[in-house]
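The values are calculated or read from the model by the stated rules, or taken from the named source; none is laboratory data. If you're wondering where the values come from, they're calculated on a predicted model, not measured in any experiment. Cβ: placed from backbone, ideal geometry, glycine included. Neighbour counts: every protein chain shown. Calculation scope for accessible area: heavy atoms of the full protein, side chains included, ligands and nucleic acids excluded. Shrake-Rupley method; radii C 1.70, N 1.55, O 1.52, S 1.80 Å.
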Amino acid sequence: MNQTHIGTIALTFCIAFFAGAFFTAVLVHNPDPPAPTLRQNIYGLPLSEMWAIVQDRTGVENSTAILGDFRLVIDGDGAVEQLSFEFYGDDTGLPHWYRVAASSTGRVTWNSLEVDRAPPGEHPLTLFTEIERIPYRELAGENGILIVGVSSQSGNLSYDASYGDLYALRQSEIIPLKHVGFNTTEPWYSIDVSHGVKDGSGLVGTYYCTIFTLRDLVKAERVYYPDGRFFWPPPGSLPAGIDGSPGLGAAS
C-alpha cells in the first residue's frame, strides 16, 4: 500500500559553502595520533577526504562499507554546527555498525558495535560525492540555516510535490519533479532538506524539499515532471555502471 511522504521531516542535513574554517578531524577512539587537517573548500565539505580518514582510523574494509543515515546542520554563515553519519562494514571479516560525529570545532569521534549482518545499500563515497554537488546556496532560506538528512528506504513508498518540493539531482543542478513512486526491495536514499529556525527550545526544522540522485531514480516505478510528463534522465547523465533506466516513468 502506497504511503505518502509527508514533509515534516526534521532529520536533515545539507552541505553548504564552507565559509572559511578548517575541518580538523581527531578520531578520539584513538586519542594519540596527530590531528589531520582537511583542506578548506568553499564549495562544500570535503567528505571524500573525511571518509579516507575514517576508513584509515576505524580499519573498516573499504569494499564492504555501506552508508546508513547521514545528518548535517549548517548555520546561517555556512559553518558546520553538526555532522554525523552511520555506516556498516567489515573489520577483520566481521560485520560492524559505526557511528561518526563531528562537532562545530571539527573534533570527530566514532564508535562501533559488532552486528549479525549489514543491510544492503550504497558505499558512503557514492552518496558523499552526490551530497557535495547539491546547490546549497540555492536552497538556503533567509537565515541560511539548513538541516539535511539522508536516509535509506525500501519498499512501496510515494513522494508528491504537493507536500514539499521534489528534485532530481544532476551534477550540481536540481530538476523539479511532481511525483516519485518506488515499489522495490532494492534500497534507495532520500535527501531531505529543511530550513532551520532557532527558538527557545533549540533548532527546529521546517521541511522544504526531497532530492533524489539519478542513480536512485532509475530504481523508481513512477517519476513525473511538474507538467505530468514522464521523467527520463538527460542523455549521458546516468551514473557509470547503469545501463538504461528500466521502469523509470512507467505508469502503474
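Solvent-accessible surface of region 51-118, averaged per residue with a 1.4 angstrom probe and all protein chains in place: 46 square angstrom.
Of the whole protein surface, Ser48 contributes about 50 Å² of accessible area at a 1.4 Å probe radius.
What is the packing order of peptides 161-173, 186-198, taking the mean over residues of other C-beta atoms within 10 Å and listing the highest first? Please list the in-between numbers first.
Numbers: 161-173: 17.0, 186-198: 21.0.
Order by mean packing, descending: 186-198, 161-173.
Shown here for region 57-121: chymotrypsin sites (Phe, Trp or Tyr not before Pro) in loop regions (DSSP other than H, G, I, E, B) with at most 16 other Cβ atoms within 10 Å, of which there are none. Here's how it looks for Thr213: its modeled amide H is under 5 Å from those of Leu169, which are all 5 or more places away or on a different chain.
Loop-only check: which GluC sites (Glu not before Pro) in region 131-163 are DSSP coil with at most 12 other Cβ within 10 angstrom?
Numbers: sites: Glu132, Glu138, Glu142; in loops: Glu132, Glu142.
Sites meeting the loop and neighbour criteria: Glu142.
Each Cα pair of region 93-166 feeds into the Kirkwood radius, which the Stokes-Einstein equation turns, at 20 °C and 1.002 mPa s, into a diffusion coefficient of 133 µm²/s. Heavy-atom accessible area with a 1.4 Å probe sorts Thr105, Thr213, largest first, into Thr105, Thr213.
Taking label points 7 Å from Cα along the Cα-to-Cβ direction, Asp77 and Thr185 give a separation of 5.1 nm.
Report the far tail of the P(r) of region 50-177, meaning the percent of Cα-Cα pairs longer than 22 Å.
Working: 3587 of 8128 pairs.
Summing the P(r) of region 50-177 above 22 Å gives 44 percent of all pairs.
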